[in-house]
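Read-outs throughout are calculated quantities, based only on the coordinates presented, and are distinct from any laboratory measurement. Bear in mind that the values here come from a model prediction, so they are computed numbers and not experimental data. Every residue, glycine as well, gets a Cβ built from its backbone with ideal geometry; the counts of neighbours run over all protein chains shown.
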């Protein structure tokens, strides 16, 4: 692995002191693709560009005139016909000229674009519906590419990680004794489709209500071949009640109020994007560096109860 240049060592000096030169070099050798340039994606992109990933590709052909209002990377005076991805690239490149940031044509994954996706170590999807996320997750699993997906709906948000079989190092736990010794661990992850099919009896204690909401939205889309919209809220509530009754779901896992907030959530709240995007950016750094135990495999957040919950669901 190549040595760090003087410019790189100077820019990354503070974080090198935290995680060391080898971790920084692994970061700089990584290639990340971010699909969908939402407000949440902007937070993720900012975090990993400042950390010093090797290259970041953005995919979102949406014109800035109709793009995500929450994307703070888009300059106020931007040409409205410019794609959201291209406008975001300009700002990110200014944040860290040492990172190769580029825009890729397209709005999301498709079988026609699959060959070009193989070059990446990590693919993150922040746009699209659950069915599209599951399709991309299946493809990433078959091709050994780490996959993350995340979304913010108004005041609530979540992220999911499928790292397949992931090996990482962490400091050995010696109780009260300090230790600089590192141990290697390997953990396996389920695909999104499998993680969303876990029955209540197999769920961890205090599973966040957002998990059941994802199950409801996935079932709605399976039946109607489209994701639920705000106008569907009464039909979604009816489906949720039936699913809750059929599964013997306890009240702790079902919140009709949170379901409404998720389905009817207007846009992305910046504070929620910052929280979920901060967690996701940190997870990407851990995964590409191989240092530290990564999330396994969901993170849920609701501004209404202030809870940020990392949970392991469907993992062997």
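May I ask you to list the residues in the stretch 63-77 that are assigned to a loop (DSSP other than H, G, I, E, B) and more than 26 Å from residue 301 (Cα to Cα)?
Here is the first cut: in the stretch 63-77, the ones assigned to a loop (DSSP other than H, G, I, E, B) are 67-77.
If the condition is that a residue be assigned to a loop (DSSP other than H, G, I, E, B) and more than 26 Å from residue 301 (Cα to Cα), then 75, 76, 77 are the ones that fit.
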(request) Take the stretch 1-36 and flag every residue that is surrounded by fewer than 18 Cβ atoms within 10 Å (Cβ to Cβ), part of a helix (DSSP H, G or I) and without any contact (Cβ under 8 Å) to a residue 24 or more places away in the chain. (result) 6, 9, 10, 13, 14, 17, 18, 21, 22
(request) Determine whether residue 249 is surrounded by 15 or more Cβ atoms within 10 Å (Cβ to Cβ), touching a helix residue (DSSP H, G or I) at 6+ places or on another chain (Cβ under 8 Å) and in a loop (DSSP other than H, G, I, E, B). (result) yes
(message) Condition (residue is without any contact (Cβ under 8 Å) to a residue 24 or more places away in the chain and either surrounded by 14 or more Cβ atoms within 10 Å (Cβ to Cβ) or closer than 24 Å to residue 267 by Cβ (or both)) applied to the stretch 208-220: is it met by at least one residue?
(response) yes
(message) Given (1) closer than 13 Å to residue 91 by Cβ; (2) touching a residue at least 60 places away in the same chain (Cβ under 8 Å), identify the lone condition not met by residue 78.
(response) (2)
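Go through the stretch 37-62 and count every residue that is in a loop (DSSP other than H, G, I, E, B) and crowded, with 24+ Cβ neighbours inside 10 Å.
So in the stretch 37-62, the residues in a loop (DSSP other than H, G, I, E, B) come out as 37-38, 52-54, 60-62.
Imposing the further condition that a residue be crowded, with 24+ Cβ neighbours inside 10 Å reduces the set to 37-38, 53, 60.
Going through the stretch 37-62 one residue at a time, the tally reaches 4.
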(request) Give the residue, chosen from 314, 308, 278, that is surrounded by fewer than 18 Cβ atoms within 10 Å (Cβ to Cβ), closer than 17 Å to residue 159 by Cβ, touching a helix residue (DSSP H, G or I) at 6+ places or on another chain (Cβ under 7 Å) and in contact (Cβ under 8 Å) with a residue 60 or more places away in the chain. (result) 278
